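These notes concern the structure reproduced below.
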Amino acid sequence: MNEGWILVVDDDPDLRDLIVLLLTGEGYRSISAADGQAALETIAAHGCPRLILLDLRMPRMDGEAFSQAFRSCAEHDRVPIIILSGDCIGRATAARIGASFLAKPVDLHALLTAVDGSHASLLSEPQRAPAAARE
Amino acid sequence: MVQSEGAVSGGARERIQNEKSGLGAILAHAPALIVAVDGSLRVEQAGGRALRSLTPGPMEMRGRLASDVFRRRPELARMLEAAAAGEDLTSMIRVDERRFVARALPLEGAGGAVLVCLDATENYEMQRYGEPELRLLLKQVPASVWATDKDLRITHIAGQLAERFPAADVVGKTLYDLVETRDPTHPLIAHHLEALAGAPNHFRFEGKGREFFDVHIEPRRSTSGEIVGCLAVAVSATDTVRREEELTESRARLEEAQRVAHVGCWTWDLIHDRVDGSDETYRIFGVEPGTNFGSFKEVLERFFLPEDRPHVENVFSNIIRTAGPYRTDYRIIRPDGEVRRLHARGQLVSDAHGRPLRLVGCTIDVTERWNAEQERERSLSLLRATLESTADGLLVVDRKGTITAFNQRFAEMWRIPPRVLESYEDAAALAIADDQLQDPEGFRTRVRDLYDQPEIESYDAVAFKDGRVFERYSRPQRLGGEIVGRVWSFRDVTVREQLLKRVLLLADASRLLASLDVEPAMEAVAHLAIPFLGESCALDLFAAEGGPRRLFAVSTERVPPVLPVLPRAALAGHPLTFEDQGRSCIAAPLVARETLIGALSFVAAVDRRYGPDDLELCEELARRMSLAYDNAQLFRRAQEALDARDEFICIAAHELRGPATSLRLAIQSLREGRLSPATSPKVLEVCDRQVKQMTNFVEELLDVSRLRSGAVHLDLEQVDLAEVMRDMASRMSADLSRSGSSLSIAGDARLVGTWDRFKLEQVVGNLLSNAIKFGAGKPIEIIDHAEGSRAILTVRDHGMGIPVDRQAAIFQPFERAVSSRHYGGLGLGLYICRRIVDAFGGEIHLESAPGQGSTFRVELPTQRSEQ
């Protein structure tokens, strides 16, 4: 995982699995978590991801709480977060926490473009882009 | 010596003696001395005012010897002695500077003599004796003396009254000539004729010009006794007549005055027991003047009311006994039945030995005055009653500052002690008022101004320290157009003012309470109410569980709030007053839609005691607060329901967008061949599940819609609860395995009841789904058993649990025990469960605590009881 990985956080197991499957198909390495708490645990175990796809409405710890906890660590400050949410207030929440936003139901190309864009912008920053993410 | 017309006979002497009122009386005043002696020369009669120096007084002379009487004038004694011997002597006597003519005549028959001494000093020069002297003598008499012959021819005339008839003109003429008539009935002629017939007589004669004379006529006899003419004396009676007339007139005036004044005079002759009265007395008693009153007893029975008689009798017997002057009042009844009121005063008259002779007195008819006094009394009484019955305090002060009238209400209102008002000094009363007023100086100034301007009418309001308010009216008191004082009228308008202020308070309260921010509004109202209801105010709210919660306690600044412990009655919803630590307290419940939601309480100032008015005001404030609080609560709940609905729509959108995202991504990936063929079956499974999930959501929404819109339709049949449990566990095995929770099914292997199978499945499914969702991956138990005619289904998880205050809400639509941000699902499951259980006639209960998991217990009757 030297080249970085994408963290997928969603309480819907089918959607979570599907996104991981798609990202894998597109050459990204990704790990999923069922809620914010699980996501923090995953980061603790695997280190900082280079992109986070984050649902908002989740049990135990929701997306906003997670992002606050995640951002509280200075080195996580520049890791992009893309909110995927069907929530009415999803876009406002995304703006508040400084994240991109994709409204559910998410278009596949929009998702891939966003992931790709975030990935590219990260690559342009040497200190933050140690290697290509594509597997 | 002068020969007399005839010696004075013994019979004449008797006549002279008998008729002292005639000549004797005249002679008594004559400027002469006349002395008659008997045969032994002892003085029988003496008279005349002359020669006092010659003799002692007549009384001293009587019975004494002439020689003794005339000791200093022995010649007079000698003359009497000679006359008694039959001589007729005349001589001149000189006494000092006066000269007298003395004549002594014998008295025939009985013997004795008469001595006449005349002061002849003035006529001394005349030196004529006999008839001229007699004429002179008679001239001095204040009367007329004349003599006639048998034909009534005037032979002699003399005396002062005859001056108008000079002897020269008259002597020789007949009386007929003088009166110019021969009518024998003419009084003068008739009386002369009567005398000629031998009858001496007396009469009063009215001359010209209202001149009156008392005339005495005697027959004149010769020595042989034959009547030879008349001798007449006329004395002027004009003065007497006038006096008599004046007396009569003044009597008449007195009578008139008595009649006009209704004053009657009366006498009760005690000796003869006879009552007499003046004319007016009779009139007063309503009887004809002159009516015989009769005895006192007769008067009593005739004129006095039976009930008054003993008193009157008593009064009069007391008067006689005490002999003092008296005055008394009594009533009489007149013969015509009219009752009169009399005032009597008088005096007892007694003889020299103190023996009562008579009661004299006067009686005044005071009926009119008495009636007037009664009327005045009635008017005064009416005025007094009116003064006292008015609710206003009244005071009348004259222009010198003296209180002339006040009523009791005034004294009460101003709390002025009777001794101050009885001093009648307005200044003293004002001083008492000073201590009670909020602005004594202002009040005094206004009062002073009014006293300085007596004609002003004015109105003012007077505020007291104790909160009372009086309206003051003042206007001048006039008597016949002149201002004599000032009338003050005070009306206690405290209650009216308080009512007005209370109305304003309630209006302000309503205005404040219109705010939806109700708690600050209620506190503001409490601040407004404190001036009316006391030192402190507290509002306690009663939650469904636990004790009262004090929302606020406010107080006047100088006294810290005294917070009463609410008594049971207030907690039970009744307004009341009570004592707490010696302070009067008041509490009224806040009741909204028949539910007690709180209590408003006040604590009074130390010396105040709450009354019914205060209770009413407190209750009204509480009522308005209740309404406002309830309205705010309703609004809040409506708002919350709206928020919940909005939230639900968001959630529903979110929950539908989740599967939609999966489906869209799956379809796009499959279409574009972005996934390896190996993963296709898995992706299709995802699609299948997501479609089911969406279908379930839609079903759930439709269920809620149906359940909310009316009665739940049941397709009843025999259903085995244990079988449904197993079936649903099987159907949800995938969800279970994903959640990480294990499921144990226990209880009766078969528990059959009459239920709607599909709906029973919904109940079990929702409870299981709920347990899986919130079970935190911990074991879940589902148990069924029968309790009598009821089937008991228990679903227990060991997850996060539900706080007590949220437990009721979770059975409501669009409610969830936890934030909707955290969990998927529409949150309608438990609502659907409850509605179905209700429709089955059962109950659903929750036992839970945070961190302790949740246990849902459903009780269902196994047999449908037809209602």
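The values are calculated or read from the model by the stated rules, or taken from the named source; none is laboratory data. In this text the structure is predicted, and so the values were computed from the model without any measurement. Here the Cβ positions follow ideal geometry from the backbone for every residue, glycine too, while neighbour counts run over all protein chains shown. Heavy atoms of the whole protein, side chains included, go into the accessibility calculation; ligands, DNA and RNA do not. Shrake-Rupley method; radii C 1.70, N 1.55, O 1.52, S 1.80 Å.
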Check your understanding: Using alpha-carbon pairs under 8 Å, 6+ residues apart, how would you state the relative contact order of chain B in percent?
Key -> 4
Review point. Which value, in Å³ per residue, describes the convex hull spanned by the Cα atoms of the range B:694-852?
Key: 115
Exercise for review: At 7 Å along the Cα-to-beta-carbon direction for both B:Glu455 and A:Asp116, put a label point, then send me their distance in nm to one decimal.
Suggested key: 11.2
**Study point:** Whichever lysines have a C-alpha closer than 28 Å to that of B:Lys778, once near sequence neighbours (fewer than 8 apart) are set aside
**Key:** B:Lys682, B:Lys692, B:Lys759
Revision key, fill the gap. Per the rule of 0.36 nm per residue minus the C-alpha distance, extending B:Leu516 to B:Thr695 adds in nm 60.2 nm
Point to revise | chain A, accessible surface, carbon-and-sulfur percent (1.4 angstrom probe) | key: 52
Review point. What's the carbon and sulfur percent of the range B:409-557's accessible surface, probe 1.4 angstrom, rounded to a whole number?
Key: 54
Revision key, fill the gap. Taking R0 as 41 Å and r as the Cβ-Cβ distance between B:Asp715 and B:Leu541, the FRET efficiency 1/(1 + (r/R0)^6), rounded to the nearest 0.05, comes to 0.30
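What does the net charge come to around B:Ala776 if you take all other residues with beta carbon closer than 10 Å to its beta carbon, with K and R at +1 and D and E at -1?
+2
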Point to revise | Length released on extending from B:Leu596 to B:Arg757, taking residue separation times 0.36 nm less the Cα-Cα span | key: 53.7 nm
Point to revise | Rounded Å value of the spacing that divides the Cα centres of the range B:446-476 and the range B:244-264 | key: 60
Practice item. Only residues of the range B:252-294 count here: report those whose backbone N is under 17 Å from the spot 7 Å along Cα→Cβ of B:Trp370, or say none. Key: B:262-264, B:281-287
Practice item. With all distinct Cα pairs included, what does the Kirkwood hydrodynamic radius of the protein assembly as shown come out to in Å, to one decimal, could you say? Key: 46.1
Practice item. Per residue of A:9-21, count partner chain C-beta atoms within 10 Å of its C-beta, then hand back the mean as an integer. Key: 6
Exercise for review: Lys and Arg at +1, Asp and Glu at -1: add these up for the other residues within a Cβ distance under 9 Å of B:Val469 and post the number.
Suggested key: -1
Study note, to complete from the structure: Interface B-A: total buried accessible area (1.4 Å probe, Å², nearest 100) of 2800
Review point. How large is the helix-only mean residue ellipticity at 222 nm for the protein assembly as shown, computed as the sum of -39500 (n - 2.57) over DSSP H runs with n ≥ 4, divided by its residue count, in deg cm²/dmol to the nearest 500?
Key: -13000 deg cm²/dmol
Review point. What net charge do the residues around B:Leu247 carry, taking every other residue with its C-beta under 13 Å from that of B:Leu247, with Lys and Arg at +1 and Asp and Glu at -1?
Key: -2
Study note, to complete from the structure: Excluding residues fewer than 8 positions from B:Lys150 in its own chain, the lysines with Cα under 17 Å of it are B:Lys173
Review point. So how much accessible area does A:Cys73 have, in Å² to the nearest 10, using a 1.4 Å probe?
Key: 50
Practice item. Let me know the mean shielding of A:57-65 by other chains, meaning the per-residue number of their Cβ atoms within 10 Å of its Cβ. Key: 4
Practice item. Determine the residues within the range A:75-99 where the difference in accessible area between the chain on its own and the full set of protein chains amounts to at least 10 Å²; count protein heavy atoms only and use a 1.4 Å probe. Key: A:Gly86, A:Asp87, A:Cys88, A:Ile89
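Looking only at other chains, what is the average number of their beta-carbon atoms within 10 angstrom of each beta-carbon in B:679-691?
Partner-chain Cβ atoms within 10 Å, mean over residues of B:679-691: 3.
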Check your understanding: Which of the lysines could a cross-linker bridge to B:Lys501, judged by Cα under 21 Å and excluding same-chain residues fewer than eight apart?
Key -> B:Lys465
Revision key, fill the gap. A:His46 and B:Ser423 label points (each 7 Å along its Cα→Cβ direction) are spaced in nm at 10.7
Exercise for review: Would you calculate the separation in nanometres between label points at B:Lys465 and B:Arg355, each defined as 7 Å from the Cα along the Cα-to-beta-carbon direction?
Suggested key: 8.2
Practice item. Could you work out how far the C-alpha centroid of the range B:597-625 sits from that of the range A:15-48, in angstrom? Key: 67
Check your understanding: Which are the unpartnered cysteines of chain A, meaning those with no other cysteine Cβ under 4.7 Å from their Cβ?
Key -> A:Cys48, A:Cys73
Exercise for review: Can you tell me how much longer the chain between B:Ala323 and B:Asp169 gets when fully stretched, taken as 0.36 nm per residue apart minus their C-alpha distance, in nm with one decimal?
Suggested key: 48.8 nm
Check your understanding: Which value, in Å², gives the accessible area per residue of the protein assembly as shown when a 1.4 Å probe is used on the protein heavy atoms?
Key -> 51
Point to revise | Distance between the range B:169-209 and the range B:519-543 - C-alpha centres, whole angstrom | key: 129
